[in-house]
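To start, the structure under review is shown below, and the notes come after it.
The values are calculated or read from the model by the stated rules, or taken from the named source; none is laboratory data. None of these values were measured; they are calculated from a predicted model. Cβ placement follows ideal geometry from the backbone for every residue including glycine, while neighbour counts extend to all protein chains displayed.
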2 protein chains.
Amino acid sequence: MTINRQILLVSRPKGEPTLENFHLAAPELPELGEGQVLVRNFYLSLDPYMRGRMSDTKSYAPPQPLDTVMIGATVGEVIESRHPDWQPGDAVTAMFGWQEYGISDGSNLRRLHDARVPMSAYLGAAGMPGVTAWYGLNRIIAPKAGETVAVSAASGAVGGVVGQLAKRAGCRVIGIAGGEQKCAYVVEALGFDACVDYKAGNLDDALHAVAPDGIDGHFENVGGDVLDAVMRNLNPHSRIALCGMISGYNGKPIPMKHPALLLTNRVRLEGFIVSEHMDVWPQALKALTDAVATGELRYRETIAQGIESAPAAFLGLLKGENFGKQLVRLV
Amino acid sequence: MTINRQILLVSRPKGEPTLENFHLAAPELPELGEGQVLVRNFYLSLDPYMRGRMSDTKSYAPPQPLDTVMIGATVGEVIESRHPDWQPGDAVTAMFGWQEYGISDGSNLRRLHDARVPMSAYLGAAGMPGVTAWYGLNRIIAPKAGETVAVSAASGAVGGVVGQLAKRAGCRVIGIAGGEQKCAYVVEALGFDACVDYKAGNLDDALHAVAPDGIDGHFENVGGDVLDAVMRNLNPHSRIALCGMISGYNGKPIPMKHPALLLTNRVRLEGFIVSEHMDVWPQALKALTDAVATGELRYRETIAQGIESAPAAFLGLLKGENFGKQLVRLV
């Protein structure tokens, strides 16, 4: 008899989410049926989009029903199989959510092929966050060599990939991150040309100082004051890939201060969610996995230990307390 | 000896422009030089973009220098020529600005070919405003038959064309205009499916009532509260052609209240100015001129009389006092 500890969403946040919105349950695993696969999850991915699912306001995805296991991507290993295609020891990624085990009929499992790539990277640079970066940069910003590209939440799972891909495309790359330590990492470890600390005040002038010729492409993960400051530094015909607006996820809508700049600079702004662009995933994942395998693409992880730590780690992610990709290790 | 009355910009507005920003001058026309053409301007076009040129803040065009003739498109007739290609009686359009005559070396004159089209239409539906509508609708919104398209300033020179072209593309078309009279015109004369009066209050609900399935494409001429209300009614994957934001031209920037909707609905928003897309002009002008000639494309004009009336007519345009294309007749 195996206990499968899991985190349920039990109430919807009013404003900022709290630990009380979650509940740790510990049901027994059922017996495997014919054609089923049992996976032990090694890592759970925590991502900002999960905040949207907690609320029942209209968003790009339906709200998660109450009293169900929180949604989320996982990586792990098959430990029992009654399915001919899957054997114990197979490494897989899936969307099993915030729990220690998952049972599947095999249809929603993806095999992890490249042994050079750490399993956890399939939840980050070589997974959904990486593809998100790839899509927004290549399909929306589409930067030309010599252009200046900015990205907010630059030390995060998505932002770090955006900047490194933009550097490889021949761009000048400006990061925006919270705090000196994250900024130093973005420049020294990830190779950005500069990084400005949005907590240091006067982001507008700071951006102008490091991007005196203006910004041609911007990848937005934060919104609010950060986006306002970037907009004051945009060049004509610049492009904004609108990926996230984490600064406003917990409260009232944060206005955009000067939308007329979108007109005067003839900006193209595009909101997107990467799960609607499945056609690019194979191409993007191949490029990203190869780049992680060769060490060209670097990343950092913040790892919480144990399923019981997931709610607090998620609340920290929403406040920017993580540094790089936020994971929960389950083994 | 001929006097060429003209309107100069003599000071920059602080907030709302006033009559004092303009000065009526009355210089003599010089003798025509070899290779020159003298044009009598019959109509002057007044357009919202001129407000931007009056200020010296950064915009998509450089500010107009003080003590020079206000910029503007004109139509008229050659009355004297020392250029082999041009003869008295030739009907032309040009950018002579706010004055009764213009002298040219011929390089910036465009011949008006289609005798079925009234001269003034070359400043409206068959001119820059028409091409503006054509570009934003076809190249940015790119509507599919059956989609719902909204347009603000729907009775204006641009908006009226947007809606009629969208109808011809098989769309349900919603206008937004100021006042019952303009709304009635948009529906009855231009054939829109519905029009909501932004002055009647609760634009959000009014839009929902006439577009219960949501808005797929929006052509924005106004900004501010109008854009906010449209954004609350957008469908996923909708497109916004950002052409003008006249509601904010005279004062402080008007914020966009809920920019996160651009993300949650995966909206593509694009600011544009039609003079940067000269490649589409021949194709667009041909389609528009033909449609005006056959009566398929309808429009309305508000005509002020005499160059001295131009400043007041322009101030009225900024307040929405015109009804359809605002012109000044100079003959």
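Just so you know, in the stretch B:276-311 the residues that are part of a helix (DSSP H, G or I) and of a type in the set (Asp, Glu) include one that is farthest from the chain's Cα centre (by Cα), and it is B:308. Of all residues in the stretch A:33-84, those being within 22 Å of residue A:2 (Cβ to Cβ) and among the aromatic types (Phe, Trp, Tyr) number 2.
In the stretch B:110-121, the residues that are buried (at least 17 other Cβ atoms within 10 Å of the Cβ) form Cβ pairs under 6 Å with partners that are among the hydrophobic types (A, V, I, L, M, F, W, C) and assigned to a loop (DSSP other than H, G, I, E, B), at six or more places apart or across chains, as follows: B:117/B:126.
Is it true that some residue in the stretch B:6-26 is of a type in the set (Phe, Trp, Tyr), in contact (Cβ under 8 Å) with a residue 40 or more places away in the chain, surrounded by fewer than 21 Cβ atoms within 10 Å (Cβ to Cβ) and touching a strand residue (DSSP E or B) at 6+ places or on another chain (Cβ under 9 Å)? Taking every residue of the stretch B:6-26 in turn, none turns out to be of a type in the set (Phe, Trp, Tyr), in contact (Cβ under 8 Å) with a residue 40 or more places away in the chain, surrounded by fewer than 21 Cβ atoms within 10 Å (Cβ to Cβ) and touching a strand residue (DSSP E or B) at 6+ places or on another chain (Cβ under 9 Å). Is one or more of the residues making up the stretch B:21-30 under 19 Å from the mean Cα position of the chain (by Cα), assigned to a helix (DSSP H, G or I), assigned by the TED database to the domain that holds residue B:311 and under 20 Å from residue B:249 (Cβ atoms)? The answer is no; no qualifying residue exists. Look at residue A:53 and say whether it is over 30 Å from residue A:253 (Cβ atoms) and among the basic types (Lys, Arg). Judged against the criteria, residue A:53 is not a match.
Filtering B:62, B:84, B:88 for residues that are within 27 Å of residue B:130 (Cα to Cα) and exposed (fewer than 15 other Cβ atoms within 10 Å of the Cβ) leaves a single hit, B:62. The set of residues in the stretch A:277-325 being closer than 21 Å to residue A:192 by Cα and polar (S, T, N, Q) consists of A:289, A:294, A:302, A:322.
Within the option set B:132, B:93, being among the polar types (S, T, N, Q) and touching a Cys at 6+ places or on another chain (Cβ under 9 Å) holds for one residue only, B:132.
Here residue A:72 passes the criteria (1) modelled with pLDDT under 95; (2) in contact with a Phe, Trp or Tyr (Cβ under 6 Å, 6 or more places away or on another chain) except the one numbered (1). With respect to (1) touching a helix residue (DSSP H, G or I) at 6+ places or on another chain (Cβ under 8 Å); (2) modelled with pLDDT under 95, the lone exception for residue A:143 is condition (2). Taken over the stretch B:189-228, residues that are within 14 Å of chain A (Cβ to nearest Cβ), part of a helix (DSSP H, G or I) and within 24 Å of the chain's Cα centre (by Cα) amount to 4.
Looking only at the stretch B:258-275, which residues are at the interface with chain A (Cβ under 7 Å from one of its Cβ atoms) and either farther than 16 Å from residue A:271 by Cβ or part of a strand (DSSP E or B) (or both)? Across the stretch B:258-275, the qualifying residues are B:268, B:269, B:270, B:271, B:272, B:273. Filtered by the rule that a residue be over 15 Å from residue B:270 (Cβ atoms), in a helix (DSSP H, G or I) and of a type in the set (A, V, I, L, M), the stretch B:128-153 gives B:128, B:131.
Scanning the stretch A:229-250 for residues that are in contact with a Phe, Trp or Tyr (Cβ under 7 Å, 6 or more places away or on another chain) and more than 9 Å from chain B (Cβ to nearest Cβ) yields one hit, A:241. Of the set (1) in a helix (DSSP H, G or I); (2) out of contact with any strand residue (DSSP E or B) (no Cβ under 7 Å at 6 or more places or on another chain); (3) within 14 Å of another protein chain (Cβ to nearest Cβ), all apply to residue A:253 but (1).
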